[in-house]
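Coordinate-derived values only; no laboratory data. Computed from a prediction, not measured in an experiment: that's the story for all the values here. Backbone-built Cβ (ideal geometry, glycine too); neighbour counts: all protein chains shown.
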Amino acid sequence: MRASFRVAHEWPLAVALVLALAPLSAQAPTPAAPPPGTDIHLLPLDDGLNGLSTATPVPVATTRGYENQPAFDDDGQVVLFTAMRDGIQTDGYAYDRRTRATRALWTTPEGEYSPTPTPDGTGYSVIRVEADGTQRLWRFPRDGGAPSLVLTDIKPVGYHAWVGEDVLGLFVLGQPATLQIARVSTGRAEIEATGIGRSLHRVPGTRAVSFVQRVSDEEHWIAEIDVDTRATIRLVRTVDGSSDRDYAWMPDGQTVLMSAGTRIHRWTRGDAGWTEVFDGAPHTLGAITRLAVSPKADAIAIVVNER
């Protein structure tokens, strides 16, 4: 079964290496197109989800080009994200909600994606595209020390979600893409599902990882797997019209938000279906392709396509 999901960081492969190794008589390959332009905004939740429909988006990262994959730091006051600021490769950045200032977390020759706080609070885990194009899970210390590999033998990793200090769920690229449950202590992972999407999350307050699984071209479900018992249950079908099938949990572990076009919908356990709670069109925002919710449920970070 072939997965039908678009993986954002399959793009930054070693095009320069290919060019360097090409025979002089051969026609040089066309360089890969840069990733699509995206921006990040915050939606304040001053009145909870009931007031989201009237929320005014606050710009976080709106420089022309690729700014994506937001995640909140542990206290919810800092938004971590990936950006391509030099037109060549990506690095991790941090936006402070209190000062509205942005700083680079690191600048390296490699490309890093999906900066995520580690459960022990001492670093950030990232997907690094190494010089030869290999994608593996790495860790950067918060104090600015040298990065280190987290899982040496598992590749190519596309996305990850921590469940505890030793266990995490992985989106591993392939045909089809697979959900794998890995342990840092052993460096090993086991395949638990195939044909999954890129939106992978720990279910707040649980030892479960949620993911989107393709049943057919027309049918996709959000499901969750207990990382200890490996029991899997389907929760709800994805929102109609959601091409990215990106979603995020509210901190209570009961409510899911999912985007479709310029709109955000909510589903709470026990509901029969989805309810629209926000539309970015009146704010002249493009399609919403990613979501992240702050730990205190006081804001939502959204990624929108540049118009």
Based on the alpha carbon coordinates of the range 267-307, what radius of gyration and maximum Cα-Cα distance (Dmax) apply, in Å?
12.4, 37
Rounded to the nearest Å, the spacing of the alpha-carbon centers of the range 119-151 and the range 44-66 is 29
Volume of the Cα convex hull of the chain, divided per residue and given in Å³
142
Multiply the residue separation of ARG269 and ASP298 by 0.36 nm, subtract the distance between their alpha-carbon atoms, and state the gained length in nm to one decimal.
8.4 nm
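Report the local net charge at ALA208: Lys and Arg +1, Asp and Glu -1, summed over other residues whose C-beta lies under 12 Å from its C-beta. Write out the running numbers ahead of the final one.
Values: positive: ARG202, ARG207, ARG230; negative: GLU192, GLU224, ASP226, ASP228.
Summing Lys/Arg as +1 and Asp/Glu as -1 gives -1.
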Can you give the FRET efficiency to the nearest 0.05 for ARG100 and THR122, using r as the Cβ-Cβ distance and R₀ = 25 Å?
0.45
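Pull out the extension gain between GLU110 and THR186, defined as 0.36 nm times the separation in residues minus the alpha carbon to alpha carbon distance; nm, one decimal. Walk me through the numbers on the way to the answer.
On the way: separation 76, 0.36 × 76 = 27.36 nm, distance 2.61 nm.
Here the segment from GLU110 to THR186 would lengthen by 24.8 nm.
Compare the peptides 178-185, 285-292, 235-242 by average per-residue count of other Cβ atoms within 10 angstrom and give them in order, highest first.
Ranking the peptides 178-185, 285-292, 235-242 by packing returns 285-292, 178-185, 235-242.
What's the ranking of 251-262, 99-110 by average number of surrounding C-beta atoms within 10 Å, highest first?
Details: 251-262: 19.6, 99-110: 12.3.
Peptide ranking by packing, descending: 251-262, 99-110.
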Give me the net charge for the shell around ALA104: Cβ to Cβ below 9 angstrom, other residues only, Lys and Arg +1, Asp and Glu -1.
+1
Considering just Cα atoms, how many Å³ per residue does the convex hull of the range 53-169 enclose?
132
Just name one of PRO147, GLN89, SER199: the one whose Cα is farthest towards the positive end of the charge dipole of the chain (beta-carbon charges, Lys/Arg +1, Asp/Glu -1).
GLN89
GNM flexibility winner over the chain from SER148, SER210, SER294 (Cα, springs under 10 Å):
SER148
Extent along principal axes [Cα atoms of the range 185-307; Å; largest to smallest]:
48, 36, 32
Quick one: Cα centre-to-centre distance for the range 155-177 and the range 254-306, in angstrom?
24
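Over the range 76-174, calculate the relative contact order: mean separation of alpha carbon pairs under 8 Å at least 6 apart, over the residue count, as a percent.
In percent, rounded to a whole number, it is 16.
Run the dipole for the chain about the Cα centre, Lys and Arg Cβ at +1, Asp and Glu Cβ at -1, nothing else charged, and hand back the magnitude in debye, nearest 20. If you can, show how the numbers build up before the last one.
Numbers: 29 positive and 37 negative charges, 51 e Å.
In debye, rounded to 20, the chain gives about 240.
Which net charge results when you count Lys and Arg as +1 and Asp and Glu as -1 among the other residues whose beta-carbon is under 9 Å from that of GLY76?
On the way: positive: ARG97, LYS296; negative: ASP73, ASP74, ASP75, ASP298.
In short, -2.
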Could you derive backbone 3J(HN,Hα) for the range 42-54 from the dihedral phi with the Karplus parameters 6.51, -1.76 and 1.60 (θ = phi - 60°), listing whole Hz in sequence and x where the residue is Gly or Pro?
10, 10, x, 10, 4, 10, x, 5, 5, x, 5, 4, 10
